[in-house]
Amino acid sequence: MAEPRRTGTAARVTAAAAAAFVLAGTAAVTLAVVAGPGPGLTGYVSEAGVADSAYATTYRIGVFALAAALLLLAAALPVALRAAAGLLVAGGSATALSGAVTCSAGCPLPPFEAATVADLVHGGAAIAASASVVFAMLAVAFRPRAAPGLRRIAGLGAAAALPVAGAVGLAMLVVGRGTLAGVLERVLLAVCAAWGLATATALALRRR
């Protein structure tokens, strides 16, 4: 049986706003990463937001927009998906924290580099945000009362995100900062953004 519908006008508008914020945030962060003075694919996405970057403000606006998108998506989810909504709230809060606390040049992280407190807070918040979104996918995919369309989207997202997330963790611990970690991080973030956009769009287009 599908979940009780909570898809009135307010919920659909909230979902549409979430989709818009995903697009705007992704565009701003991508612009900051591509046009900024960062190291390209050999570094972390967060390096576009260091204080001396000309695109730091653009990057931060994009991150805050993505945080808002997660919170809006949480509010738009049906009642039966409370667990997923809670994870998205946690992910949105962690995303906002990662935007508020910037890392130092190179965004150093252990075990290969000496990190400042700000680096650890930023890195931990970014990791927590990604993990929360991936777990939210699983919470939707394995919720029997969720709408089949939402479960399919979440299942595809989780199938793509889980192996990449594991590879990112291993790359950071075994190899450290470099092309491998940089490319994998971008793939994971793209999967998370695509799932958020697809889910928000599906919710916005649902009929009564």
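The values are calculated or read from the model by the stated rules, or taken from the named source; none is laboratory data. These figures come from a predicted structure and were not determined experimentally. Glycine gets a Cβ as well: all are built from the backbone with ideal geometry, and neighbour counts include every protein chain shown. Side chains are part of the model used for accessible areas, which takes the heavy atoms of the whole protein and leaves out ligands, DNA and RNA. Shrake-Rupley method; radii C 1.70, N 1.55, O 1.52, S 1.80 Å.
Counting only Cα atoms, I'd like the Rg/Rh figure for the chain, Kirkwood definition for Rh.
Details: Rg = 16.9 Å, Rh = 17.1 Å.
When Rh is taken as the Kirkwood radius, the ratio is 0.99.
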Assigned charges on the beta-carbon of Lys, Arg, Asp, Glu; region 67-208 dipole about Cα centre (debye): 900 debye
Alpha-carbon radius of gyration plus Dmax, which is the widest Cα pair, for region 110-163 in Å: 15.5, 47
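Expected output is a single nm value to one decimal: the length gained when fully extending between VAL34 and THR9, i.e. 0.36 nm times separation in residues minus the C-alpha distance. What is it?
5.3 nm
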Stokes-Einstein D (µm²/s) once Rh is taken as the Kirkwood radius of region 85-208 over alpha-carbon pairs, at 37 °C in 0.692 mPa s: 213 µm²/s
Whole-percent carbon and sulfur share, accessible surface of the chain, 1.4 Å: 73 percent
Stokes-Einstein D for region 26-81, Kirkwood Rh over Cα pairs, 20 °C, 1.002 mPa s (µm²/s): 177 µm²/s
Gain on full stretching of the segment that runs from ALA100 to ALA159 - 0.36 nm per residue minus C-alpha separation: 18.2 nm
Length-normalised contact order of region 120-208 in % [C-alpha pairs under 8 Å, at least 6 apart]: 29 percent
Stokes-Einstein translational diffusion, region 1-121 - Kirkwood Rh over all Cα pairs, 1.002 mPa s, 20 °C, in µm²/s: 138 µm²/s
Pair THR116, VAL187: separation of 7 Å Cα→Cβ label points (nm): 3.2 nm
Whole-angstrom gap from region 58-94 to region 159-200, using each part's C-alpha centre: 18 Å
